[in-house]
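Just so you know, all these numbers are worked out from the coordinates, no wet-lab data involved. Every value quoted in this text rests on a predicted model; they were computed, and no experiment measured them. All Cβ positions, glycine included, derive from the backbone under ideal geometry; neighbour counts span all protein chains shown.
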Amino acid sequence: MKTPTTRSGGIEVQAAEDEERLAAVRADYDRIADEYTARLANELDGKPLDRELLLRCAAAVGRRGAVCDLGCGPGHVARFLRDAGATVFGVDLSPRMLEQARRLNPSIPFYEANMLALDLPGGSLAGVVAFYSIVNLPPEWLPAAFSEMARVLMPGGLLLLAFHVGDAIVCPPELWGKPIAMEFFCYRPAAIEPLLRQAGFGIEEVIEREPYAPEVEHQSRRAYIFARKSGAA
């Protein structure tokens, strides 16, 4: 997360706590990366709506520029977008996840990055796909995350955001037999939409669906938002 320049004690303490929280999320994903990849690297095979929306995103972006798979994990979304004709790269906080992404998709670039402070020029991307990338972000981090997505998109650039619907904060002590400490946040579209607008996006479409079968995915309702950065395409 970006470090504040002011030397106020309260801000410095908050920045240190935020960095510690990010470090814990990175460590947890490093710990579960191998099992995550084994279980989820082909999950799109069982998710027809997700595939349809990703195809729509790739077609809408066309050849305007690059698409970033934000929070790419093992790179399966980036691969699908690439196969659909998009120029794509992926970023993730977890080095171990990136190792898996590069192993499975050697022709796609992947970079380590914090989604709250992307090392990308402003206005450089035609699209951002953030599939469940905000699942570990507490509510107070969302404005910064959406502002950063808007910053790196060119005017008229497209965002496809996916997230779990609800009000719950889930804190499992383990995942696939590995101990973890991170929290998983669910959000209501009605809470996300105004934050996107404040960041400079226009909402184009909101889609919700019930979960697919338990063997396909975690049993939570899903939401997808197509949003476009303000300005001429």
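The figures follow:
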{"read-out": "Only one of Val216, Val206 that is in a loop (DSSP other than H, G, I, E, B), among the β-branched types (Val, Ile, Thr) and surrounded by fewer than 18 Cβ atoms within 10 Å (Cβ to Cβ)", "value": "Val216"}
{"read-out": "Matching strands (runs of 3 or more DSSP E) fully within the range 110-167 where at least 1 residues are on the phi < 0 side of the Ramachandran plot and among the charged types (D, E, K, R)", "value": "110-112"}
{"read-out": "Every residue from the range 126-143 that is out of contact with any Gly (no Cβ under 6 Å at 6 or more places or on another chain) and among the hydrophobic types (A, V, I, L, M, F, W, C)", "value": "Val128, Val129, Ala130, Phe131, Ile134, Val135, Leu137, Trp141, Leu142"}
{"read-out": "Extreme residue, nearest to Met154 (Cα to Cα), among residues of the range 185-202 that are in contact with a Pro (Cβ under 9 Å, 6 or more places away or on another chain) and not polar (S, T, N, Q)", "value": "Ala199"}
{"read-out": "Filter pass, Phe226 being part of a strand (DSSP E or B) and under 22 Å from Tyr36 (Cα atoms)", "value": "no"}
{"read-out": "Lone qualifier among Ala27, Ala86 - being out of contact with any Ser or Thr (no Cβ under 8 Å at 6 or more places or on another chain) and over 27 Å from Glu183 (Cα atoms)", "value": "Ala86"}
{"read-out": "Leu81 being surrounded by fewer than 19 Cβ atoms within 10 Å (Cβ to Cβ), outside any loop (DSSP other than H, G, I, E, B), free of Cβ contacts under 8 Å to residues at least 60 places away in the same chain and not polar (S, T, N, Q)", "value": "no"}
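For every residue, the table says whether it meets (1) hydrophobic (A, V, I, L, M, F, W, C); (2) without any contact (Cβ under 8 Å) to a residue 60 or more places away in the chain; (3) surrounded by 12 or more Cβ atoms within 10 Å (Cβ to Cβ).
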position: Val152; (1), (2), (3): yes, no, yes
position: Pro155; (1), (2), (3): no, no, yes
position: Val165; (1), (2), (3): yes, yes, yes
position: Ala181; (1), (2), (3): yes, no, yes
position: Ala199; (1), (2), (3): yes, yes, yes
position: Arg221; (1), (2), (3): no, yes, yes
position: Ser230; (1), (2), (3): no, no, yes
